[in-house]
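Here's the structure, in structure tokens; my notes come after.
The values are calculated or read from the model by the stated rules, or taken from the named source; none is laboratory data. Computed from a predicted model, the values in this text were never measured in an experiment. Note that each Cβ is placed from the backbone with ideal geometry, even for glycine, and that neighbours are counted across all protein chains shown. Surface areas here come from the heavy atoms of the whole protein model, side chains and all, with no ligands, DNA or RNA. Shrake-Rupley method; radii C 1.70, N 1.55, O 1.52, S 1.80 Å.
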Amino acid sequence: MFSTRFTVFFRKVVLTNKRLFHNTKPRYEERIHPLRRTIKVLTQDIKLAAKPREERAAIISNIFPRHVDIVIIGGAAVGSSIAYFLKHKTGINGLRIAVIEKDATYGKCSTVLSVGGLRQQFSLPENIHMSLFGAEFLRTLKKRFGDDADVYFTPNGYLMLASEHGAQQLLDNAKLQTQLGAVNVVLGKEGLKERFPWMDVTDVEAGCLGLEKEGWFDPWALLHIIKRGAQELGTQYITGEAVGFTFKDREDIVVDGVLEGTYEGLDELTVKLPDGDIKSIKFAYCIIAAGPESGEVAKLAKIGTGPGMLSVPLPVERRKRYVYCFDCQEEGPGLNTPLTIDYTGTYFRRDGLGGCYIGGLSPSPEEEPDTKDLEVDHEYFNERVWPILAKRVPAFNTIKVRSSWGGYYDYNAFDENGIIGPHPYYHNLYLATGFSGHGIQQSPAVGRAIAEHILDGGFQTIDLTRFGFDRLMVHKPMFEVCIV
Amino acid sequence: MLHSDKLFRTVTPRSLQKTFQICFCSTKVNDKPENAENSKLAKEMPKDLTKETDIRTKVELTKMITKKDLQWRTPWHEKEGQHYSFLRSMYSEESNTSMMKFLQTPINLSPAAIKKWWAKKQEFKDIWMQQYIPERNETLGNELAAAHFVVHRDGAVKFFGEDRWIKKNEYNQYSLPKHYQADKVLQAIDCSRMNLYYEGLVNLRNLHQLEWFSINGCQHMDDWCMDRISNIFSESLLYLDVRDCPKITERGIGALYKMKKLKILYVDDILCSSAFELTCLMLQDINPDLDIRIQ
């Protein structure tokens, strides 16, 4: 009798109201008796109190946190920069921040494989402002991080060349850049020939040379400095891979654009540790700064696969780019070589002082290479890059490729610019990804912008509203002319 | 949090009844762009455009996008029939994270911490005092403004046509004109052992005929300053002295390729590292007239 009543209850109440029950994956933790757990925590605390301060900090940083204030998925330049600025604005004891990084050696990370350029020659004011702040940040690095912080900045400038078609756009861009604080000069054919006698300028109409605050630096050093700065202020770096989110029905949340009572929010982040353990972290805010993997991480949060607002996917995907390191047998361009970007998109710069150069070219959409590994295609250099280099710089007719490497761009297939800001559906999810090749110079500005948005409620210094996820919803792409 | 306030709302189950009266935005995700003009433009564009003109149209469209375009949902307080309650006047929009951080940092009264705090304050004050003052340049013109700036801070200047250096004496007096004089053009600036910062170099812009410049012994000069110096004095400088600046590396010296007329460069020690030596040699390759000296 009891059982039939139970089955009737089950059929009537439970099955019809299925959505009242969690449909998330069960947590992979064994259930500990609360009393036992209390005693365990207390004994741990007493033992910890007896140890000296440094050891205590080290032990605490090794304990996997069950809940944090802010969790950042991705611990490279952008992720570490966000963590640093959040901690900088709130102090050591202000926020509890965890940064989840899949690969502690940063082997395939876009940051360390990048060429490390810094330029203000963009066509969008937001990009220019972000680069200017990047330059300011790099200049005041020693003040923030101590006297031994150095990114080996080489202030040689950028030279963007334009053919007849693009000359007007170049002039407009240069005007906008000087208005906003960049220093550059537009040179005609004769000016270019005079300054850079090693260049062939027959088909070049104009070139814009950056005179100040442009050049290149060591991105590995920058990553290391910001990461150490964030860790010294108390950020916890966890080596693990984000494998899922747990969701929670929040009937009480009313969102503009979502049907009443159907809101499903993010509750916890599930992380898989290197030894196979799966644990979850409860967070107040989550920031996706995972670079090329951001598209996959966003899918874990049902972005792109859910209903309504969630059906807009995050269009960030991996694209492989090659960088070739070659040296010139003849008298190549000497000390006065800026990072030269041809109007075809081919770029090269001096690397060190021994006649060594590095350069590359972004493939056209038809030739996009496979992204499953970082193998380099040498044929691509011989067929596509070398002819253009040899045409632009006659001395490059005799060059020998010494080495090469491949790296991933976090390519934003929508408009090749960063997606920065909160997600329209989830009130506790932020995005800072999709920079398509110019992320490293914008990482300090993005870190500061996200920190301001979380802590102060809106962008305070650089207004990046136009770079938000909302532009994907209303389909207003922010195109940038100078993408390399 | 402050951001979620505008677009998200949490209601208790009791007030769930009232929420049905709130009209929610029924904007579908796959809506056409709101701006009808843009969509018309897209339809009328011919297919056989070259890549460059395509980019120009894209750029024009991008320029027309404003913040308002991206606001596809109205915040709750702006909807019909909504208003902020009276209690909202009790708190402010701006959050005060800096005040909270100040209250939360533990007070450190050890002598080392106080010394560090004082040094930081002094540095901030020094940088603040060296910033660009537009009124000074408007009244005096670029040359005299730069001269006043340098001499006030224990430097020395020399004008064309005069053969004495102007420096302040022990009573902090110096004789420089207080109004614009067109014939006073700076020939040489000596900033030796001055407390000059990157922000202070802004005051030395637009000196079109400066030939002699020295930052011997300025402790705060680094590669970024060399970048700036090589740009602002690129046309006319003949002599540059950068001895005794510990923060300048070979990359800063390499930036001097922008100075077309440089004849004499004084550096500390060419042989301190091979990279430094190589940079100097390469600089001489580009600029054959250049003479790099140690003493």
Subset of the range A:298-310, residues in contact (Cβ under 8 Å) with a residue 60 or more places away in the chain and within 22 Å of A:Ser80 (Cβ to Cβ), comes to A:Ala298, A:Ala301
Flag if A:Gly244 is part of a helix (DSSP H, G or I), more than 14 Å from every other protein chain (Cβ to nearest Cβ), at pLDDT 90 or above and touching a helix residue (DSSP H, G or I) at 6+ places or on another chain (Cβ under 7 Å): no
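To keep it simple, each residue is scored yes or no on (1) at pLDDT below 90; (2) farther than 30 Å from B:Pro246 by Cα; (3) open to solvent by 20 Å² or more (accessible area, probe 1.4 Å).
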position	(1), (2), (3)
B:Pro134	no, yes, yes
B:Thr139	no, yes, yes
B:Ala146	no, no, no
B:Val150	no, no, no
B:Asp154	no, no, yes
B:Glu162	yes, yes, yes
B:Glu170	yes, no, yes
B:Val185	no, yes, yes
B:Ser192	no, no, yes
A:Ser404 fails exactly one of (1) part of a helix (DSSP H, G or I); (2) open to solvent by 10 Å² or more (accessible area, probe 1.4 Å); (3) assigned by TED's automatic domain parsing to the domain that holds A:Asp327, namely (1)
For A:Tyr426, the lone unmet condition from (1) over 29 Å from B:Tyr91 (Cα atoms); (2) facing chain B (nearest Cβ under 10 Å); (3) not charged (D, E, K, R) is (1)
Scanning the range B:271-293 residue by residue, those modelled with pLDDT under 85 and more than 14 Å from chain A (Cβ to nearest Cβ) turn out to be B:Leu271, B:Cys272
Expected output for the range A:120-132 (first residue open to solvent by 20 Å² or more (accessible area, probe 1.4 Å), partner hydrophobic (A, V, I, L, M, F, W, C), Cβ below 8 Å, 6+ apart or cross-chain) is A:Pro125/A:Leu176; A:Pro125/A:Leu180; A:His129/A:Leu180; A:His129/A:Ala445; A:His129/A:Ile462; A:Leu132/A:Leu180; A:Leu132/A:Ala182
_Being out of contact with any Leu (no Cβ under 9 Å at 6 or more places or on another chain), farther than 30 Å from A:Ile72 by Cβ, open to solvent by 20 Å² or more (accessible area, probe 1.4 Å) and within 14 Å of chain B (Cβ to nearest Cβ) is the requirement here; does A:Glu367 meet it?_
no
Residue pairs within 7 Å by beta carbon, gap of at least six or interchain, first lying in the range B:101-125 and of a type outside the set (D, E, K, R), second outside any helix (DSSP H, G or I) and open to solvent by less than 70 Å² (accessible area, probe 1.4 Å), listed first then second, are B:Gln104/A:Gly91; B:Gln104/A:Gly94; B:Thr105/A:Gly91
Of the candidates A:Ile462, A:Ile440, A:Ile420, the one satisfying the condition of being open to solvent by less than 40 Å² (accessible area, probe 1.4 Å) and part of a helix (DSSP H, G or I) is A:Ile440
* Asked: Do we have any residue at all in the range A:153-163 that's away from chain B (no Cβ under 11 Å) and either of a type in the set (Val, Ile, Thr) or open to solvent by 40 Å² or more (accessible area, probe 1.4 Å) (or both)?
  -> no
Matching residues in the range A:276-297 (out of contact with any strand residue (DSSP E or B) (no Cβ under 6 Å at 6 or more places or on another chain) and either touching a residue at least 12 places away in the same chain (Cβ under 8 Å) or in a loop (DSSP other than H, G, I, E, B) (or both)) number 3
